[in-house]
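The values are calculated or read from the model by the stated rules, or taken from the named source; none is laboratory data. Quick caveat, the model's predicted, so the values are computed rather than measured. Note: ideal-geometry Cβ built from the backbone for every residue, glycine included; neighbour counts use all protein chains shown. Ligands, DNA and RNA are stripped out before the accessible areas are found, and what is left, the full protein with its side chains, is counted by its heavy atoms. Shrake-Rupley method; radii C 1.70, N 1.55, O 1.52, S 1.80 Å.
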Amino acid sequence: QKEVEQDPGPLSVPEGAIVSLNCTYSNSAFQYFMWYRQYSRKGPELLMYTYSSGNKEDGRFTAQVDKSSKYISLFIRDSQPSDSATYLCAMTLTGGYQKVTFGTGTKLQVIP
Amino acid sequence: SQTIHQWPATLVQPVGSPLSLECTVEGTSNPNLYWYRQAAGRGLQLLFYSVGIGQISSEVPQNLSASRPQDRQFILSSKKLLLSDSGFYLCAWMGQNYGYTFGSGTRLTVV
């Protein structure tokens, strides 16, 4: 079993839809949770990070962490064609230069 | 602001040839630096990380090596490339929020 599981997609949605991207993980020691967006042939860019359980909102993006279920989500409201990219979840233990464990990414296409 | 530079953007190399990829960081001192490889369907694989000059930790035994000759310079090398070394190589540094800033990547094709 992989430490982090992420549905690879692709996920196709119409413009304006609400998108839900999810990851499950097995290591209950993970404390920091991140979402990265990666456009084709580019390096990933950090979208959001959260510590422990709870929600965090930034514009059209909301990150949720449910540590009891070992489940994290990224919601995108009013999706735009510019949101078309691969989204990677990531997580790490607490502190220092800990190794970050990534999901394999979900490819999202927002259709105009 | 911090920026990370990585080059070249693309590279096609024959099997058995050497490799040198360079990464430099600006706007920060003593950064934690990382080399990742991304292969289709396999996600991001950590290859090396460094917390300071001359300090290299290897995560995966393989045909590659890394060096950090200066505080803000990180180099990935190979003496003889294998076909399996093909992939998208990413340099990154980690900020205080445990999030990475990635470079633009090098797409390496070994032929």
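When the inverse distances between all different Cα atoms of chain A are averaged and flipped, the Kirkwood radius reads 14.1 angstrom.
Taking chymotrypsin sites (Phe, Trp or Tyr not before Pro) across segment A:1-57, none is in a DSSP loop with at most 10 further Cβ atoms lying within 10 angstrom of its Cβ. Per the accessible-area calculation with a 1.4 Å probe, the total area buried between chain B and chain A rounds to 1700 Å². Ordered from largest to smallest accessible area (heavy atoms of protein chains, 1.4 Å probe), the residues B:W7, B:W93, B:W35 come out as B:W7, B:W93, B:W35. Relative to one another, the C-alpha centroids of segment A:77-95 and segment A:19-70 are positioned 7 Å apart.
Across segment A:9-112, C-alpha contacts under 8 Å between residues 6 or more apart give a mean separation that, scaled by the residue count, equals a relative contact order of 37 percent.
Which of the trypsin sites (Lys or Arg not before Pro) found in segment B:1-106 are loop residues per DSSP with 12 or fewer other Cβ atoms within 10 Å of their Cβ? For trypsin sites (Lys or Arg not before Pro) across segment B:1-106 that sit outside H, G, I, E and B with at most 12 neighbouring Cβ atoms in 10 Å, the list reads B:R42, B:K79, B:K80. Considering all different alpha carbon pairs of the protein assembly as shown, the Kirkwood hydrodynamic radius works out to 18.1 Å. Straight-distance candidates among the lysines for linking to A:K42, with alpha-carbon spacing under 17 Å and chain neighbours fewer than 8 residues away dropped: A:K107. Rounded to the nearest 5, the antiparallel percentage of DSSP beta bridges internal to the protein assembly as shown is 90%.
For A:Q38, the shell of other residues with beta-carbons less than 10 Å away shows a net charge of +3, using +1 for Lys and Arg and -1 for Asp and Glu.
Shielding by partners for peptide A:35-43, expressed as the average number of C-beta atoms from other protein chains within 10 Å of each residue's C-beta, is 4.
Accessible surface area normalised per residue over segment A:1-91 is 49 Å², counting heavy atoms of protein chains with a 1.4 Å rolling probe. For segment A:1-108, the set of GluC sites (Glu not before Pro) satisfying both a DSSP loop assignment and a count of at most 15 other C-beta atoms within 10 Å is given as A:E3, A:E15. Within the listed set B:L19, B:L47, B:L76, the Gaussian network model of chain B (springs between alpha-carbon atoms below 10 Å) gives the highest mean-square fluctuation for B:L19. The Rg/Rh ratio for chain B is 0.95, where Rg is the radius of gyration of the alpha carbons and Rh is the Kirkwood radius. Taking only protein heavy atoms and a 1.4 Å probe, the accessible area of segment A:57-112 is 48% carbon and sulfur. For A:M34, the accessible surface of its heavy atoms amounts to roughly 0 Å² (probe 1.4 Å, protein chains only, rounded to the nearest 10). Candidate cross-link partners of A:K70 among the aspartates and glutamates, defined by an alpha-carbon separation under 20 Å and a same-chain spacing of 8 or more, comprise A:E3, A:E5, A:D7, A:E57. If you run the Gaussian network model on chain A, springs between alpha carbon atoms under 10 Å, then out of A:R41, A:R60, A:R77 the most flexible one is A:R41.
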